[in-house]
1. From the list 103, 85, 36, pick out the single residue that is under 24 Å from the mean Cα position of the chain (by Cα), farther than 15 Å from residue 268 by Cα and surrounded by 13 or more Cβ atoms within 10 Å (Cβ to Cβ).
2. Would you check if there is a residue in region 64-75 being farther than 30 Å from residue 222 by Cβ, touching a strand residue (DSSP E or B) at 6+ places or on another chain (Cβ under 7 Å), surrounded by fewer than 14 Cβ atoms within 10 Å (Cβ to Cβ) and of a type in the set (Asp, Glu)?
3. Can you tell me which residue in region 75-120 is farthest from residue 14 (Cα to Cα), limited to those that are of a type outside the set (Ser, Thr, Tyr) and modelled with pLDDT under 55?
4. Among the residues of region 250-268 satisfying the criterion of being closer than 20 Å to residue 333 by Cβ and either outside the structural domain of residue 198 (by TED's automatic domain parsing) or surrounded by fewer than 17 Cβ atoms within 10 Å (Cβ to Cβ) (or both), which is modelled with the lowest pLDDT?
5. Hey, among the residues in region 269-283 that are at pLDDT below 65 and assigned to a loop (DSSP other than H, G, I, E, B), which one's nearest to residue 329 (Cα to Cα)?
6. Can you tell me which residue within region 24-41, out of those that are out of contact with any Pro (no Cβ under 8 Å at 6 or more places or on another chain) and of a type in the set (D, E, K, R), is nearest to residue 7 (Cα to Cα)?
7. Report yes if some residue within region 186-200 is among the hydrophobic types (A, V, I, L, M, F, W, C), modelled with pLDDT under 90, loosely packed, with under 14 Cβ neighbours inside 10 Å and over 21 Å from residue 320 (Cβ atoms); otherwise report no.
8. Are any residues in region 214-231 surrounded by 21 or more Cβ atoms within 10 Å (Cβ to Cβ) and closer than 26 Å to residue 326 by Cβ, and if so, which ones?
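The values are calculated or read from the model by the stated rules, or taken from the named source; none is laboratory data. Owing to the predicted nature of the structure, the values given are computational and were not obtained by experimental measurement. For neighbour counting, all protein chains shown are included, and Cβ atoms are generated from backbone atoms with ideal geometry for every residue, glycine included.
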Amino acid sequence: MNVDDLWTSLPVPALLLDVGNRIIAANSTAEDFMNVSAKSLLGTPIWDQVMIDAPIELAFARACSNRTSLHINDVDIGTGARAPVLCNMRIAPLNGSDDQMLVLFAPREITSSMSRNASSVKAARSAIGMAEMLAHEIKNPLAGITGAAQLLAMNLSNSDLEMTDLIVEECRRIVSLLDQVDQFGNLAPPQMDPVNVHDVLDRARRSAAVGFGAHMTLIEDYDPSLPPTMGDTDQLLQVFQNLLKNASEASKGAAGKIRLHTYYDQSLRVRRHDGTQAKLPLQIEIIDDGPGLPPEIESDVFEPFISGRENGTGLGLALVSKIIADHDGWITVDSVPGRTVFRVSLPLVTTIPQGEK
């Protein structure tokens, strides 16, 4: 195997820098990781292309000057064309060269986030059982209270009807909330088929545009080359409608923007609890310019009964998390004032069902 074959076959993103820290070579994995072509990278300073959430410039300069290696662990590395990813970074002088440096990025497997997601899903399933039991037990006496109030109203004067009408109205409101709990608990296992995520996103966008998101500007920013995923179209539609509804409600009635962004990230891998690895290269982001999530709930937003809205049930995002977990996917949120990103990561179709070519 020659050097070019070895360079191309490296399984991690790799860049080669000249004495001026300009990129003079990038392997194909680096192109995928940075979401840009090698041609557009060549000749540009590395710090114009790579953004790191750590002050490494001085350490990097010393490594270049002394021709020594530099190891940096657990830093978020992003580019102008893709979201940051937790990585380990390795910088070393190139053997046989007096001034060239090799830079390697090693995206971390997202075990801790997956563990949090798994805990959220487990909590959601536990909450389902409790919520279904409570919903059943509460609905029966509510029906009796409603019926009694309606009977009383038949013999009351108009001035007293206001109280019985209030009782009936509040009972119906509680029943409506309990119906949402029932919907949360009655979700069937997904019927998995090849799905074009853009078809599902388009349905969700059109629904939002004529309903809850009519006051928002919905922007499509799609990678049309994305391959299909395996999924349940109706359940994925429920996920994206819920995320769009949350983004719309975050604006509190003011006009705002929601961007639907899709892209391919070959570097994203997760390790399941059984020790096996999975690739989740299909990325779908719902991005809004609202005020952001309250800091005190951001880390728990996928837990049941956690809501940032005054009258929220806290079941919507728990249901979203459960559906995505059932699709062997992963969902995260990154929120600051003016920019909240819900990112759904899904696997590719790995097998073609019989009868389909």
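1. Values: 103 fails: under 24 Å from the mean Cα position of the chain (by Cα); 85 fails: farther than 15 Å from residue 268 by Cα.
Result: 36 is the single residue among 103, 85, 36 that is under 24 Å from the mean Cα position of the chain (by Cα), farther than 15 Å from residue 268 by Cα and surrounded by 13 or more Cβ atoms within 10 Å (Cβ to Cβ).
2. Checked region 64-75: at least one residue is farther than 30 Å from residue 222 by Cβ, touching a strand residue (DSSP E or B) at 6+ places or on another chain (Cβ under 7 Å), surrounded by fewer than 14 Cβ atoms within 10 Å (Cβ to Cβ) and of a type in the set (Asp, Glu).
3. Quick first cut of region 75-120, residues of a type outside the set (Ser, Thr, Tyr) only: 75-78, 80-96, 98-110, 114, 116-118.
Going one step further and asking which of them are modelled with pLDDT under 55, we end up with 109-110, 114, 116-118.
Values: 109: 18, 110: 21, 114: 27, 116: 31, 117: 31, 118: 32 Å.
The residue in question is 118.
4. Ranking the candidates gives 252 first.
5. Going through the qualifying residues, I end up with 272.
6. 31
7. First, pick out the residues of region 186-200 that are among the hydrophobic types (A, V, I, L, M, F, W, C): 187-188, 192, 195, 197, 200.
Subsequent filtering for residues that are modelled with pLDDT under 90 retains 187-188.
The next check asks that each one be loosely packed, with under 14 Cβ neighbours inside 10 Å; those that pass are 188.
Right, trim to over 21 Å from residue 320 (Cβ atoms) and you get none.
No - not one qualifying residue is present in region 186-200.
8. Within region 214-231, the first condition is being surrounded by 21 or more Cβ atoms within 10 Å (Cβ to Cβ), and the residues that meet it are 216, 229, 231.
Across region 214-231, the qualifying residues are 229, 231.
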